[in-house]
């Protein structure tokens, strides 16, 4: 070690010894005894420092030799001229040694504030780095990939960190990712309604104004936009601009929704489907798939197709009804053909089946009966919420109609047809094993489309604008190409399903909802008998009031919790969520209750707040005014915190 290096690295100690020597020399002129003592102290400290320094220097030399041996270097200078910055640290993450290139590149003229490696690894600790083997860090304004290697020095582990400067490479990779092409297909959801409700000149002015907004939005993000026919547009941009659009929450959706003509709201909405992370030829196809997903969720939103599925933005307004009787007739004919060509039929809804799920199943049962096909409805009666209707079914003479999932598994054969009602997600089915064992499937559902929908269905009849699955089935039954008899219990079940999801024809009740109800009434649906299906016990009523009394108001929401796992509390919690909407200033209500270690959340609104997107953030789903989520291995308190975060993120951003 050179004297210059000693003076540089230990200047404080050297200065202290020099001062002590000066004091000792000065004392010679005043007191020989004190001078002798001072010289003795100076000599002792100097000898101790030299011995200590020799030991430290020897330790460093052994570290260097260990490094040399790990690199298979034969000459000492090779480790100092190694082309990468190298740092050696002990098991505690304390820096023991570094080469000259490390000092020049990462330390520079500044002094080390401490001897821990975290200052050079972006805070990553040694054990984390050792586990991963490599990590990307930023230090001194440069980007590095840090590789780690373990050796042994004096029997103790020593870790070598190699810093590879890949700043330029990462900058190139980042620029490549940001410049990747993105294709979007945009559509005005209700362009036909605008055309029908306005004169030709007004229609031209309205559409021109909206096109101007869309064009300005595209220009703002440096995107290329071209118009299709029928209120559709194609946009091509880069990934960097898409990220800006996401950060701005696709504000064009709000601009179109708020657009007015002659100071009168037009009521238009727009949907956007985006394709990304694929080859250029595939992007338009992915964008169209995303647009179809947006339509399936009610429109007025942007859907981005990623490698792992879909991301959703917007969707805060009520969907615009687009169903036609022509489509219903075509679907009814297709379902009839599939039933006619099957050997037997199994009808299954979602877990915790309700009146809508069972009512729709009873309607499809009557259609299967018209074709004289063996048919059963699959329900787990231990978890069902439709026990009163099940009792009605059995008392009407259909004792063997409803079977368990285990019994249904025994009835599956090569020509079995499975009809799924009131859900389109495999994870929500009464029995996923049964779903996977059947090849031919029909899906009938009204919930807004989720990314994990049943994709292998022979017929996927999905209408997010319908109030309920029962409404959809009641409409289909009017157009089937076979003479059928809708039984009294089936008519009552279908009407009960409609009343359940519309809250007695208050929410999401469109023209076709009342048409379906009129059809059922013509088939002798008994409104008094249907009302009795909603009756509850005194215990259930008291439990509902207990839940309501526990509610707390958070912003525009009411949040209530039910402590403990109380049996048969699901119905009471759903009714409590409905009851909380009667409180002034409450746009949405949430009730949290436990089922074992799973926290369940029932969400309701009157349309002023989209509870579906809040539940989707928690892994659930549903409809704009009625949704739910299940959080496994989550406490009630933790579920409440997650719910509050989801409300803040999805609504109050």
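Checking the stated criteria, residue 592 turns out not to satisfy the condition of being part of a helix (DSSP H, G or I) and either within 29 Å of residue 301 (Cβ to Cβ) or over 21 Å from the mean Cα position of the chain (by Cα) (or both).
Got at least one residue in the stretch 268-282 being part of a helix (DSSP H, G or I), surrounded by fewer than 21 Cβ atoms within 10 Å (Cβ to Cβ) and free of Cβ contacts under 8 Å to residues at least 60 places away in the same chain? Reasoning before the result, please.
Kept after step one, since they are part of a helix (DSSP H, G or I), are these residues of the stretch 268-282: 280-282.
Filter once more, so that each one left must be surrounded by fewer than 21 Cβ atoms within 10 Å (Cβ to Cβ): 280-282.
Adding the requirement that they be free of Cβ contacts under 8 Å to residues at least 60 places away in the same chain leaves 281-282.
Yes.
Scanning the stretch 546-574 for residues that are part of a helix (DSSP H, G or I) and surrounded by 13 or more Cβ atoms within 10 Å (Cβ to Cβ) turns up 546, 547, 548, 570, 571, 572, 573, 574. The set of residues in the stretch 600-639 being crowded, with 20+ Cβ neighbours inside 10 Å, over 30 Å from residue 505 (Cα atoms) and in contact (Cβ under 8 Å) with a residue 40 or more places away in the chain consists of 639 alone.
Tell me yes or no: at least one residue of the stretch 213-236 is within 23 Å of residue 450 (Cβ to Cβ), touching a strand residue (DSSP E or B) at 6+ places or on another chain (Cβ under 6 Å) and part of a strand (DSSP E or B).
Step one: filter the stretch 213-236 for residues within 23 Å of residue 450 (Cβ to Cβ), giving none.
No.
Given the criteria surrounded by 15 or more Cβ atoms within 10 Å (Cβ to Cβ), in the same structural domain as residue 280 (by TED's automatic domain parsing) and more than 19 Å from residue 285 (Cα to Cα), does residue 252 qualify? If you could, list the steps in order and put the result at the bottom.
Numbers: surrounded by 15 or more Cβ atoms within 10 Å (Cβ to Cβ): yes; in the same structural domain as residue 280 (by TED's automatic domain parsing): yes; more than 19 Å from residue 285 (Cα to Cα): yes.
Yes: the conditions hold for residue 252.
The values are calculated or read from the model by the stated rules, or taken from the named source; none is laboratory data. Since this is a predicted model, take the numbers as computed values, not measurements. Heads up, the Cβs are rebuilt from the backbone with ideal geometry, glycines too, and the neighbour counts pull from every protein chain shown.
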